[in-house]
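In what follows, a structure is listed as structure tokens, so that the remarks can point back to it.
What follows is calculated from the coordinates using simple rules that are stated; it is not laboratory data. Predicted model, so just to flag it, every value in this text is computed and none were measured. Note: ideal-geometry Cβ built from the backbone for every residue, glycine included; neighbour counts use all protein chains shown.
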Amino acid sequence: MQKHDVLVVGGGLAGAHAARAAHLAGADVAIVSKLSPLRSHSVAAAGGINAALAEGDTWEGHAFDTIKGSDYLADQDSVEILTREAPNVIIEMDHLGTPFSRDEQGKLFNRPFGGMRQARAFFAGDRTGLSLMQTSWEQLVKEGITLYEEWAATRLIVEDGRFSGLVAYKVADGTLDEFQAKAAVICTGPGGQMYLKSTNAVTCTGDGLAMAFRAGCALKDMEFVQFHPTSLHGPNILITEAARGEGGILKNAKGERFMERYSPKMLDLAPRDIVSRSIQTEANEGRAYPGGYVDLDLTHLGEAKIKERLPEVYQFSMEFAGVNPGEKPIPIEPAQHYIMGGIATNNDGATSIPGIYAAGECACVSLHGANRLGGNALLECIVFGKRAGEAAAAFAKGTSQVAGGADVLAAEDRRVESLVKSDGREIVEGLRQELKRVMWDKVGIYRNEADMSAAVGAVRDLRRRYENVRVGAPGRTFNYSLLEAMELRNLLDLSEPIALGALLRRESRGAHSRTDFLARDDPSWLKHTLAWWRGEKIEITYEPVRITQWEPKERTY
Amino acid sequence: MKYAYFPGCVGQDSCNELDVSTKLIAEELGIELVELEDATCSGAGFVQDVNYELSLALNARTFAMAEKLGLDILTVCSTCQFNLDRANKELTGDPEKLAEVNKMLAEIGLRYSGRVEIKHLLWVLVNEIGLGTLRRRVKVDLSDLNIASFYGCQLIRPGSLHGYDDPDRPQYFERLIEALGGKPVDYEGRKKCCGFPITFVNENASMTMNAKNMLEAKEHGADVMATSCPLCHINLDMYQGRAERVAGQRIELPILHLPQLVGLAMGIDPQRLRLKRHIVSAKAVLERVRPKEEAPVAPTSS
Amino acid sequence: MGAEGADVLVATIKVYRYEPERDEKAHYDTWEFDVKPGQTVLDLLHEIHYFHDPTLSFRRSCRSAICGSCGMTLNGRTGLSCNTQAQPLIDRDGSLVVEPMKNMPVLKDLVVDMSGFWKDVYDIRPYLQPAPTAPKGPYVVPKQRMEPMKIAQDCIMCGSCLSECTSREANPDYLGPAALAKAFRFVADARDAATAERLRQYSEPNGIWDCDTCLYCNEVCPMHVKPMDAIMHMREMANDLGIESQGSKHAIAFYETILESGKLNEFKVAMKSLGLGGLALQAGITAKVVLRGKQPEIRKKKIEGYADVKKLYKLVEERKKRKGEKK
């Protein structure tokens, strides 16, 4: 048994800031991370982090762009916190050592990003996520923060409606242990691997989301899944929006700059949902290449400029597609990228269960409403990671340790044991591929009643079939098949709230796009979906959107 | 075939046999060498550790001298090759830098326009003399000898600098050995580091890797080793005793310089190749080397 | 990467297996595969793990060469399995052999113990140590001044360099290329104020002077980081600051002989680096060397164009003074 004041689950960008903030506030904090922290998917974020730091820019301008980008579903007081704090974040991260790109005079560069009327994305080459993550991790090393590396949390322990601790599984030797604490901050990031095409890492299986869900926390707005328009055709790894920020142009198989049709003002830098739908439409109407991909043309920039401003785009294009972007266009297609939804929290990261906090992609405050703008996710991790860490530390200070959990540990032990010994008919990857196919086909970019209804049924069926899964590997040392089986359960548990929330929401808004309900319907649907785990069924409730200064308007670019 | 010959420092000093044997085989093979007697040391990485800018300027001077002769540079040392070529590619790839350096060269009456190429003897032998020609010049039977090559790190890495051979599967030396009639030894250590750069800093570590390479070669049947770098030769030959001490066992592997191997194969008297200078005696090897028999004449029908 | 429907290659894939709970020593498992053009080694490992042998263990996550999880030895050379195409390796070598990284203990199959790797990174203090007062806004650092650290900035801590490091192989206490590249990232950062302290620390035994310049790290890094270049820069900076060590002694001795005559004086360098005591310890070598007539010249004649050397030295010094910046 391990004892701490605050546990941070997940060692990525949000987790690092939550842990650091809690530590600096005097709490005994420990990070429990399934991966070594620098392996967290935060490192894959490429293009930039937004802030109204430049001359003449305002936090209100940033806030409005974000809120409009969210198709007015974002909670505006939360967005205000985000954009007010943003300039300080850039300065602080610079002071901590982030190698932001600068001009000849030494001023920080920024670049335009989708949906922002003004260039305000600060960056470090096109490896902004890597740079911010490295810097944040460096601070963890500096502070000597305790790290339980390659421990996968499997279950949150809640006693009498209060957080008591968690059970985690040590990947190296397959043992389970109980971690007792007064508060936990869930920062497990993305969970997009239930989609066939995803830019997410293979390990992004929404573990924290699923654990919190099963422990009784509400999941908010899960139906809002972001499809990033430019993933590399094939492996679906992310080609950053910055490529378009630097002047890249999308063209269909006929060579047309098709965004002129869909977004005459912002063109290729329209928000992601709009661009993704545009590409999908081009594909549906036969103007894309076979397979559904289009071209991202950077040839006019020239190889040298691409190498300088977009080194990662260059590397990906060469290594994974065999294409020199200075000479030929890059083949791209939309893929699942981010989930706007997540564990419902307030502005301090607190969930409905005292002691459980959440921050980062796995949380939903809501900052991004129905569609996230690029450059805001890295920002969210830092601003709200810190807030949640501070809040958790304060909570831990003012509360006593909730006892009990021994029987939970025993139960988890038995569950894991039975998984290891399982001899069913279903192999993990087979079920996973079926899930990915169903979600991609039926709860994807364009949705309708029949498809989503079928999806809900299919997911429930897959969850039943999961009872019959076979791990096929008996050992305990780095048994990744066992870990994958546990991750699959999380993916299955998260898929239903996504499909159900989408089915019930009879409108199109942001990234949720229905062919049977084409318009946005504020009178009926300007509200957040909340999904609650009630054992066998999921209960859906709704809560209003918090509006401060910006009345919802029609969203055009 | 004419080259500006960069002899390096060690090749004319403690490993003087390298210079001597190079000139002997050059003459035999018709490679005219115009020695850059006035060239400075390439820096060997050590000058670069203290004053990189000066090493660049000094090497630029060497290139300018070769360019004046209208010749490319031939090296016989992996370390010289790397340090010279790195400097050369830095200058030719950066017009601003080249201009800066030329400002300095102007004050000593020189100028470099970036037209010199720098090649190691190994590449020249394989690519320009040609394996066919070498095969025909072989006068001695080496078929009994298992010959382990030792390239020296800086001749095969980085792949992006040299452009000759595959850094993971270098074959130039092996193909040369085959052409000369010997049997190349396949072992991992041929690509690795002899340890020389840290001999004076951490002798134990240096001798550990030194011994490992040689013992591995022997385990794979090597009778003799040939190297393309005199600094490696120092570690492999002069320091073989120290390597034996660290390894706790005898090694007894004679080490030849590349041109000595070639010279031997072409029938040049081992005395002239100065094999006696080596610390580890090559006597056992030489005893197994006989003049090549005339190819048997096909019997005519009678 | 090949055209649609282009050649499938039937190939043998050999994978290193080791299960400490069960095996006394490692062995290799073999599979026959139809390898499609464009498939990476990771794609093949996934196929094996998901559909043929779920007991196979290997680390991976992002599959886009940015998280650093999947370092492995592929046909003898360490790299990332996620961005290494399988067909070219098979074309060249006839088969694919997948092994764990080197220089690190194997925990299971392709999973290695990286705790030694991390420890060395922690040791070099991998975090900015700024001056006590920071500016109000972001630091003002001209673009050119941010350039030097670029050769080390993008390290994803995959371990490929350490795996191939010949110095580390011979000396497990050597800090290694990843830690030292990270060290340089801070030494070169204009915002870091601990340069001298850092270089003093890194100049101690098992630090920057223990690199044998074998170039493996530069060669294999999947992010094109140049650890060896970083180490060389730090050596020069340490020398500029007058930080002494066995390594600096040797390099300076070498350098001074070049300044004296234009060519290396082996004898002097040996004397200055090892001292009489050190040379005495190598009496065995010395004796043999003298016996064979291999002893280097005690005094080297100046090259004819020696005046050039002095002139260039002066010009370089003047230029450095003019530029005046910290490297």
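Some points to look at:
- For chain B, built as a Gaussian network whose Cα springs stay under 10 Å, the top-fluctuating residue of B:102, B:204, B:51: B:51
- Between the stretch B:65-115 and the stretch C:98-160, the Cα center-to-center distance that results, in Å: 34
- Among beta bridges identified by DSSP and lying wholly in chain B, the antiparallel ones come to about 10 percent.
- Divided by 2.2 N^0.38 Å, where N counts the residues, the Cα radius of gyration of the protein assembly as shown comes to 1.01.
- The residue A:303 and residue C:92 beta-carbon pair, evaluated with R₀ = 22 Å, returns a calculated FRET efficiency of approximately 0.20.
- Top of C:119, C:310, C:36 by mean-square fluctuation, Gaussian network on chain C, Cα under 10 Å: C:310
- Least to most buried among A:132, C:44 (fewest other Cβ within 10 Å first): C:44, A:132
- In this label model, residue A:541 and residue B:99 are separated by 7.2 nm, measuring between points 7 Å along each Cα→Cβ vector.
- Considering chain A at the alpha-carbon level, its Rg and Dmax are found to be 22.2, 66 Å.
- In this label model, residue A:415 and residue B:107 are separated by 7.6 nm, measuring between points 7 Å along each Cα→Cβ vector.
- Rounded tilt (10° steps) of A:311-321 against the dominant C-alpha axis of chain A: 80
- 5 angstrom amide H check on residue C:193, placed H, neighbours 5+ away: C:129, C:131
- Fluctuation leader among B:70, B:248, B:263 - chain B, Gaussian network, Cα springs under 10 angstrom: B:248
- Pairwise label distance in nanometres, residue B:283 with residue A:287, each label 7 Å out on the Cα-Cβ vector: 8.7
- Under 11 Å from a label point set 7 Å out along the Cα-to-Cβ vector of residue B:128, the amide N atoms of the stretch B:53-82 belong to B:71-75.
- Among beta bridges identified by DSSP and lying wholly in the protein assembly as shown, the antiparallel ones come to about 60 percent.
- Among the trypsin sites (Lys or Arg not before Pro) within the stretch A:471-552, those in coil by DSSP and having at most 16 neighbouring Cβ atoms inside 10 Å are A:506, A:546.
- Computing FRET efficiency as 1/(1 + (r/R0)^6) for residue C:310 and residue C:276, where r is the C-beta to C-beta distance and R0 is 25 Å, gives about 0.25.
- Helix-derived mean residue ellipticity, 222 nm - over the protein assembly as shown, DSSP H n ≥ 4, -39500 (n - 2.57), to 500: -12000 deg cm²/dmol
- Fully extending the segment from residue B:115 to residue B:160 would add 14.3 nm, taking 0.36 nm per residue of separation and subtracting the current Cα-Cα distance.
- With Cα atoms defining each centre, the stretch A:1-63 and the stretch A:241-311 are spaced 32 Å apart in the structure.
- Peptide ranges C:106-112, A:98-104, C:88-94 listed from the most packed, as the mean C-beta count within 10 angstrom indicates: C:106-112, A:98-104, C:88-94
- Checking Cβ-Cβ separations below 4.7 Å across chain C identifies C:70, C:82, C:155, C:158, C:165, C:211, C:221 as cysteines lacking any candidate disulfide partner.
- Applying the Karplus relation 6.51 cos²θ - 1.76 cosθ + 1.60 with θ = phi - 60° to the stretch C:34-44 yields 3J(HN,Hα) values of 8, 8, 8, x, x, 6, 8, 4, 4, 4, 5 Hz, where x marks Gly and Pro.
- Only beta bridges with both residues in chain A are counted; by DSSP, about 65 percent of them are antiparallel.
- The fewest-to-most ranking of B:120, C:224 by surrounding Cβ atoms within 10 Å reads C:224, B:120.
- Cα-based helix-to-principal-axis angle, A:59-69 vs chain A, degrees rounded to 10: 90
- Under the membrane-span-like helix rule (DSSP H runs whose alpha carbons stretch at least 27 Å along the helix axis, mean Kyte-Doolittle hydropathy -0.5 or higher), chain B yields B:46-69.
- Members of B:89/B:119; A:107/C:150; B:212/C:249; C:14/C:108 lying beyond 22 Å, as alpha-carbon distances in this model show: B:212/C:249
- Taking 0.36 nm per residue of separation and subtracting the current Cα-Cα distance, fully stretching the chain between residue C:24 and residue C:288 would add 90.5 nm.
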